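Trainee: Following this message is one structure expressed as structure tokens.
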Amino acid sequence: MNLYDLLEDYFVDSEDAVRTVITWFLNQVMEFEVLQQSGAEKYERNDSRRAQRNGYRKRSLTTRHGTLELLKSQLRDVPFQTQVFERYSRIEKALANAIMESYLQGVSTRRIKHIIAQLGIENVSASRVSRISHELDEKVKEFFSKPIGQESKYLFVDATYFKIRDSVRYTNKALFVVAGVRKDGYREILRARIADSEDAMFWEDLFTDLKKRGLRGVELIISDGHKGIQKAVTTSFQGSSWQMCHVHLIRTVLKTILKEYQKEVAYKIKEAMEDPLQETLDRFHFDTHNYQAFPKEHWRKIRTTNILERVNKELKRRSKVIGAFPNEEALLRLSVSILIDINEEWITGNRYLSMDD
């Protein structure tokens, strides 16, 4: 792919340039997959080769940027397996469905109409939206009900906020994501839930659901200072501790400080949170140093909810095109589709922490 030509194309037709980049990227993903499955580069001869390449077959993929014409590799004797179509289509389908739902429910702004046109969607009908919604709801249900097979020593909870249409007005609602670090050191996304309240009952219900699915071994829960979560931790995970996220704590304190003093105050807070003897935050005294009861090499990663920072950014990025969700269900369909992909990367990627004693 020639970068100069791509830039030139972008100024002529930016949408066409975007399609070119996505097409190139997804073709590269499939090239990597065929290398793994065949055991050899193209035209390479070696003793570890497991399959022979057999050219390519054209395959179309519909996205919100238009239809992409991809080249799917073929292997002799064994089928070539790729995650490109399943994974990409799942998120694209959830996104398109949320947009179509918005359109049908009267969020018919010029922006939504333009996106509908870009998607190449014709005859947007309630029955079509309902059919796709049902299919995606099954995926959400499956993800939320799957058994939790391993213990999670550390549990992280963080929220990001989305605009949701409620009749004729719009409200901001929190989507909480719960992630754990398993006893083998890998991260796993365990749950996502839209908050109808933040009292102890909400958290106890959420934690009870996780325990029913098999969650056990929790010793430390790291979160923002959400209302009710501290009480729920003591009743739901007896013997465990709650850790106030240091990043959230600093932000909370700095909101009450004049801008000219914020840098100095932030520095003093960081010192206090690392050394209990310098503690000046009486309200949080018992909840800012609990992480120090665990292996020192874990401290940097268990005193904040930064583990979920990239997750929240990805949720925001992928949903930006929608603006406001037509309802809570549409938000869950899209967010869970994205979380499924991130979870697959986590449990098949590198260990997050070394859990060896």
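The values are calculated or read from the model by the stated rules, or taken from the named source; none is laboratory data. The structure displayed is predicted, hence computed values, not measured ones. Cβ placement follows ideal geometry from the backbone for every residue including glycine, while neighbour counts extend to all protein chains displayed. In case anyone asks, the SASA skips ligands and DNA or RNA and just uses the protein heavy atoms, side chains included. Shrake-Rupley method; radii C 1.70, N 1.55, O 1.52, S 1.80 Å.
Trainee: Among the residues of the stretch 155-169 satisfying the criterion of being surrounded by 15 or more Cβ atoms within 10 Å (Cβ to Cβ) and over 18 Å from the mean Cα position of the chain (by Cα), which is farthest from residue 336 (Cα to Cα)?
Mentor: So, considering only residues that are surrounded by 15 or more Cβ atoms within 10 Å (Cβ to Cβ) and over 18 Å from the mean Cα position of the chain (by Cα), the one farthest from residue 336 (Cα to Cα) is 165.
Trainee: Of the numbered conditions (1) assigned to a helix (DSSP H, G or I); (2) at pLDDT 80 or above, residue 71 satisfies every one except a single condition; which is it?
Mentor: So the condition that residue 71 fails would be (1).
Trainee: Working only within the stretch 134-151, note down all residues that are open to solvent by less than 50 Å² (accessible area, probe 1.4 Å) and modelled with pLDDT under 85.
Mentor: 136, the sole residue that qualifies.
Trainee: Turning to a different aspect of this structure: Applying the selection to the stretch 25-50, what residues are of a type in the set (Asp, Glu) and modelled with pLDDT of 80 or more? Break it down into steps so the answer makes sense when it comes.
Mentor: Of the stretch 25-50, the ones of a type in the set (Asp, Glu) are 31, 33, 41, 44, 47.
Once the filter is applied, which keeps residues that are of a type in the set (Asp, Glu) and modelled with pLDDT of 80 or more, the stretch 25-50 yields 31, 33.
Trainee: Another question, if that's okay. Contact list please: Cβ distance under 6 Å, first residue in the stretch 282-293 and closer than 12 Å to residue 249 by Cβ and assigned to a loop (DSSP other than H, G, I, E, B), second residue modelled with pLDDT of 80 or more and open to solvent by less than 40 Å² (accessible area, probe 1.4 Å), pairs at least six apart or on different chains.
Mentor: Matching pairs, first to second residue: 287/242; 287/244; 288/244.
Trainee: Which ones in the stretch 129-160 are hydroxyl-bearing (Ser, Thr, Tyr) and either touching a residue at least 12 places away in the same chain (Cβ under 8 Å) or at positive phi (or both)?
Mentor: 133, 145, 152, 154, 160
Trainee: Just for the stretch 295-339: of the residues that are without any contact (Cβ under 8 Å) to a residue 40 or more places away in the chain and outside any helix (DSSP H, G or I), which one is surrounded by the most Cβ atoms within 10 Å (Cβ to Cβ)?
Mentor: Out of the qualifying residues, it is 295.
Trainee: In the stretch 170-192, which residues are β-branched (Val, Ile, Thr) and buried (at least 20 other Cβ atoms within 10 Å of the Cβ)?
Mentor: Correct list: 177, 178, 181, 189.
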